[in-house]
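The values are calculated or read from the model by the stated rules, or taken from the named source; none is laboratory data. Quantities reported herein were computed from a predicted structural model and do not represent experimental measurements. Here the Cβ positions follow ideal geometry from the backbone for every residue, glycine too, while neighbour counts run over all protein chains shown. Protein only, heavy atoms only, side chains kept; ligands, DNA and RNA dropped before computing areas. Shrake-Rupley method; radii C 1.70, N 1.55, O 1.52, S 1.80 Å.
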Amino acid sequence: MGAVSYLNTKPLMYAFKHGLQINGMEIREDYPAKIAGMLLNDEIDVGLVPVAIIPKLDEYHIIGDFCIGAESAVASVCIFSEVPLEKIEKVILDYQSKTSVALARVLIEHYWKLPVVFEEAGENFRDDIKGTTAAVVIGDRAFEQRKISPYFYDLAQAWIEFTGLPFVFAAWVANKKLPPDFIASFNEGNRTGVENINEVVSENTSSFYDLKTYFTKNSSYRLTENKRKGLEKFLSFLG
């Protein structure tokens, strides 16, 4: 199993971090794009992966009832800038993400309709957020960037304004059929953390953002029918 090492995954990983083992399952953690590559290369059987990779999989199965989603501003996925949106000329795309940068492209082209240039990010790309150059920054680093950049535009909030649907950033995706008993046990493991947020908060810290707010207001973990509609809508833009 591959899982993202960001704060927003902590509720979903809570039970596994506390010793839940299912059929000898092994956990590998990394940033989203890296986990996506592992699933594409069949190095893992199931991963909490950016949904933008789904069209690239020869076979895929979304398992369980939980995801990394948003029904309002997500706080940790934004375009950061020194200038207002309409004055941005270049957008650097965070190398750690696939879904977030794809979402940024969709919004810039179809919602905001901005004539910007896109650039792939280097290791220290946040240093280049200056003048008319903005950047997509995701995850825990986005909390810090919110204290630095005078302008930031929440991509989940923009998607909801654009489509009227919630957004799914990542889902548990398998590249092969998995046993139903594994999926059921795995799903219950996810549920344990989501239903015990106070315990999850007590085990994690952030100097830049209130985690109780993040886990309960910004992040939305249940893969509802409406989220599935939002996911289908997003994938339709990817072609």
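For the charge dipole of region 132-225, defined by +1 on Lys and Arg C-beta atoms and -1 on Asp and Glu C-beta atoms about the Cα centroid, which residue among Tyr209, Ala184, Val168 has the Cα displaced farthest towards the positive pole?
Toward the positive end, the furthest listed residue is Val168.
At 0.36 nm per residue, minus the direct Cα-Cα distance, what do Glu29 and Leu85 gain on full extension? Give it in nm, one decimal, please.
Values: separation 56, 0.36 × 56 = 20.16 nm, distance 3.40 nm.
Roughly 16.8 nm would be gained on extension.
With +1 assigned to the C-beta of every Lys and Arg and -1 to the C-beta of every Asp and Glu, and no other charges, what is the dipole magnitude of region 151-239 about the Cα centre in debye, to the nearest 20?
Details: 10 positive and 10 negative charges, 71 e Å.
About 340 debye.
Pop out the carbon and sulfur fraction of the accessible area of region 1-147 as a percent, whole number, probe 1.4 Å.
Details: 2600 of 6220 Å².
Exposed carbon and sulfur together represent 42 percent of the surface.
Suppose R0 equals 22 Å. What FRET efficiency, 1/(1 + (r/R0)^6) with r the Cβ-Cβ distance, do Lys147 and Ser5 give to the nearest 0.05? Could you put the intermediate results ahead of the total?
Numbers: r = 22 Å, r/R0 = 0.98.
Rounded to the nearest 0.05, the efficiency is 0.55.
Give or take rounding to whole Å, what are the principal axis extents of the alpha carbon atoms in the chain, in descending order?
53, 40, 34
Looking at the chain, what % of its DSSP beta bridges pair antiparallel, to the nearest 5?
On the way: 22 of 34 bridges.
Close to 65 percent.
Starting from the Cα gyration tensor of region 59-132, take the square roots of the eigenvalues, sort them a ≥ b ≥ c, and report rounded, prolate or oblate (rounded when a/c is under 1.5, otherwise prolate if a/b is larger than b/c, else oblate). Could the numbers behind the result be given before it?
Working: a/c = 2.03, a/b = 1.73, b/c = 1.17.
The shape class here is prolate.
From the convex hull of the Cα coordinates of region 168-239, what is the mean projected area in square nanometres?
Values: hull surface 27.3 nm².
So the mean shadow area of the Cα hull is 6.8 nm².
Step through the table entries Lys10/Lys130; Lys98/Lys229; Lys10/Lys98; Lys17/Lys56; Lys98/Lys227; Lys56/Lys229, compare each Cα-Cα distance with 26 Å, and write down the pairs that go over it. Present the calculation step by step, with values, prior to reporting the outcome.
Working: Lys10/Lys130 32 Å; Lys98/Lys229 20 Å; Lys10/Lys98 20 Å; Lys17/Lys56 30 Å; Lys98/Lys227 18 Å; Lys56/Lys229 20 Å.
Pairs exceeding 26 Å: Lys10/Lys130; Lys17/Lys56.
Quickly work out the Thr216-to-Asp140 label distance, labels modelled 7 Å from Cα along the C-beta direction, and quote it in nm with one decimal.
2.3
Name the residue farthest towards the positive end of the dipole of the chain from the options Phe125, Ala52, Pro150, assuming +1 on Cβ of Lys and Arg, -1 on Cβ of Asp and Glu, about the Cα centre.
After comparing all options, I get Pro150.
Per 5 Å bin, what percent of the C-alpha pairs of region 93-228 does each bin hold, from zero upward?
All Cα pairs, binned at 5 Å, distribute as 2, 7, 14, 18, 19, 16, 12, 7, 3, 1, 0 percent.
Suppose R0 equals 22 Å; then what is the FRET efficiency for Lys177 and Lys56 from their Cβ-Cβ distance, rounded to the nearest 0.05?
Values: r = 19 Å, r/R0 = 0.84.
For R0 = 22 Å, the calculated efficiency reads 0.75.
If DNA, RNA and ligands are ignored and the probe is 1.4 Å, what is the ranking of Arg126, Arg228, Arg28 by accessible area, most exposed first? Walk me through the numbers on the way to the answer.
Numbers: Arg126 55, Arg228 80, Arg28 105 Å².
Ranked list, largest accessible area first: Arg28, Arg228, Arg126.
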